[in-house]
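Below is one structure, written out as structure tokens, with a few remarks after it.
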Amino acid sequence: MLVVQSTLVGYTLINGTFSIQMALLIASIYNVAYYGDIVSHPYFNDLTQEQKDFMTRVRSFSIPFTHFCMMLINLLTSSTRISLDGVKAASAFIGMIMYVNLLLLITEAMFLFGLQINWTVDPNVAGVYLFFEVEWTVFLGTIVSNMIFLLFRTFIRHKIQLDRIPERKQLPNVDTIISIMEVSNAFGAQLTPLLVSIFIYY
């Protein structure tokens with residue numbers, strides 16, 4: 001967790017940013033609208049009706065709803081005008097649980113495609129599976145981008161040190177932590193799509 005305002009209110013690395021969640025929400029709606037109901041394809045003839053309903057529910061409801069909630073949560077936790085630290089901490093934790101649960105649902109849906117998907121069977125089937133992979137790649141890319149940002153941040157030393165606490169035990173000043181939050185969000189909003197693009201390309 002990267003602390004942004006106090007030790008009680010943090011910005012969870014897993015939750016991503018408002019812009020990334022909004023992009024995933026739009027992409028999930030587009031995915032459903034463009035590819036339609038793929039469970040009727042002969043590729044899924046071996047699935048039970050319950051499994052087909054699960055696939056449809058994940059694509060049509062679980063993914064868009066979770067990303068919409070994550071947008072609101074990230075908007076709340078990143079707002080400097082709202083000083084409800086307890087609400088921010090609780091919403092960030094709830095958002096983390098919701099996002100991890102979504103990834104578990106996506107993983108279960110991916111297993112319904114088989115252990116090795118046939119990418120040439122149908123563009124719609126391959127497109128939906130690729131979108132599931134993008135969801136996972138965005139999640140992993142968000143974590144990696146924050147790790148890289150924290151790595152770069154360790155090489156920057158504060159210009160003014162007013163206390164005499166040993167350097168290894170020092171914590172960043174509150175104003176410094178708040179100011180780097182926007183930089184961290186901007187860094188992740190650019191690096192995460194880059195990592196996803198590299199994954200799709202290769």
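Give all pairs with beta carbons closer than 9 Å in which a residue from segment 74-93 that is of a type in the set (Phe, Trp, Tyr) meets a residue that is surrounded by 12 or more Cβ atoms within 10 Å (Cβ to Cβ) and at pLDDT below 80; count only pairs at least 6 apart in sequence or on separate chains.
So the pair list comes out as PHE93/THR12.
Counting just the residues of segment 105-128 that are part of a helix (DSSP H, G or I) and in contact with a helix residue (DSSP H, G or I) (Cβ under 7 Å, 6 or more places away or on another chain), which one comes out surrounded by the most Cβ atoms within 10 Å (Cβ to Cβ)? First the steps, then the outcome.
From segment 105-128, those part of a helix (DSSP H, G or I) are 105-111, 123-128; that's our starting set.
Next, from what is left, pick out any that are in contact with a helix residue (DSSP H, G or I) (Cβ under 7 Å, 6 or more places away or on another chain): 105-106, 109-110, 124-125, 127-128.
Working: LEU105: 15, ILE106: 20, ALA109: 21, MET110: 18, ASN124: 15, VAL125: 21, GLY127: 13, VAL128: 24.
By that ranking, first place goes to VAL128.
Per-residue answers, yes or no, for (1) surrounded by 14 or more Cβ atoms within 10 Å (Cβ to Cβ); (2) within 20 Å of the chain's Cα centre (by Cα); (3) at pLDDT below 55; (4) aromatic (Phe, Trp, Tyr):
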{"site": "LEU162", "(1), (2), (3), (4)": "no, no, yes, no"}
{"site": "SER179", "(1), (2), (3), (4)": "no, no, yes, no"}
{"site": "VAL183", "(1), (2), (3), (4)": "no, yes, no, no"}
{"site": "ALA189", "(1), (2), (3), (4)": "yes, yes, no, no"}
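Determine if segment 77-86 includes at least one residue that is surrounded by 17 or more Cβ atoms within 10 Å (Cβ to Cβ), closer than 19 Å to PHE18 by Cβ and touching a helix residue (DSSP H, G or I) at 6+ places or on another chain (Cβ under 8 Å). Write out each step before concluding.
Let us first name the residues in segment 77-86 that are surrounded by 17 or more Cβ atoms within 10 Å (Cβ to Cβ), namely 77-78.
Adding the requirement that they be closer than 19 Å to PHE18 by Cβ leaves 77-78.
Pick out the ones that are also touching a helix residue (DSSP H, G or I) at 6+ places or on another chain (Cβ under 8 Å) and you get 77-78.
Taking every residue of segment 77-86 in turn, at least one turns out to be surrounded by 17 or more Cβ atoms within 10 Å (Cβ to Cβ), closer than 19 Å to PHE18 by Cβ and touching a helix residue (DSSP H, G or I) at 6+ places or on another chain (Cβ under 8 Å).
Just give me the residues in segment 24-61 being buried (at least 18 other Cβ atoms within 10 Å of the Cβ) and over 21 Å from GLY114 (Cα atoms), in sequence order.
Scanning segment 24-61 gives LEU24, LEU25, SER28.
Only one of these conditions is not met by VAL58: (1) closer than 19 Å to GLY36 by Cα; (2) at pLDDT below 85. Which number is it?
Of everything listed in (1) closer than 19 Å to GLY36 by Cα; (2) at pLDDT below 85, VAL58 misses just condition (2).
With respect to MET71, determine if the residue is free of Cβ contacts under 8 Å to residues at least 60 places away in the same chain, part of a helix (DSSP H, G or I), hydrophobic (A, V, I, L, M, F, W, C) and more than 18 Å from THR142 (Cα to Cα).
Numbers: free of Cβ contacts under 8 Å to residues at least 60 places away in the same chain: yes; part of a helix (DSSP H, G or I): yes; hydrophobic (A, V, I, L, M, F, W, C): yes; more than 18 Å from THR142 (Cα to Cα): no.
Considered against the rule, which asks whether it is free of Cβ contacts under 8 Å to residues at least 60 places away in the same chain, part of a helix (DSSP H, G or I), hydrophobic (A, V, I, L, M, F, W, C) and more than 18 Å from THR142 (Cα to Cα), MET71 comes out as no.
The values are calculated or read from the model by the stated rules, or taken from the named source; none is laboratory data. Since the model is a prediction, treat every value here as computed from it, not as a measurement. FYI the Cβ positions are ideal-geometry reconstructions off the backbone, even for glycines, and counts take in every protein chain you see.
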